[in-house]
Amino acid sequence: MAEDSSGTKTPTPGFVLPGLRCGVEMALVGTIVLLVGLPAEEPIRLGIVFLAALLAMTVVLFWAVGRHVRRWIRYAQGKPTRNTPFD
């Protein structure tokens, strides 16, 4: 396990709370994009709205994965990993 200079163990980064946070953020972003764009009645515009929602949700997913990877790197280096319960 990773240990810092004082001998106390750093807590491992969790998966449940960051996963829940990522899921909620993805749902919110997708919902906002869809609510703004769904009044479109033309199939092309409707397709663009769905693609924009999918793209926005993918960006949020990779942003959250990047944050979690950085936490695991800090854990492997023996540095503190928790700032808030959802970080």
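The values are calculated or read from the model by the stated rules, or taken from the named source; none is laboratory data. Keep in mind the model is a prediction, meaning the values are calculated, not measured. Note: ideal-geometry Cβ built from the backbone for every residue, glycine included; neighbour counts use all protein chains shown. Protein only, heavy atoms only, side chains kept; ligands, DNA and RNA dropped before computing areas. Shrake-Rupley method; radii C 1.70, N 1.55, O 1.52, S 1.80 Å.
Can you give the Rg to Rh ratio of the stretch 14-87, both from alpha-carbon atoms, with Rh computed by the Kirkwood formula?
That ratio is 1.17, to two decimals.
Report the FRET efficiency, 1/(1 + (r/R0)^6), for ALA52 and LEU20, where r is their Cβ-Cβ distance and R0 is 22 Å, rounded to 0.05.
Details: r = 24 Å, r/R0 = 1.10.
Approximately 0.35, to the nearest 0.05.
Just how much of THR58 is accessible, in Å², when a 1.4 Å probe is used and the result is rounded to the nearest 10?
50
So what's the net charge close to VAL33: Lys and Arg +1, Asp and Glu -1, counting the other residues with Cβ under 14 Å from its Cβ?
Counting the neighbours of VAL33, the net charge comes to 0.
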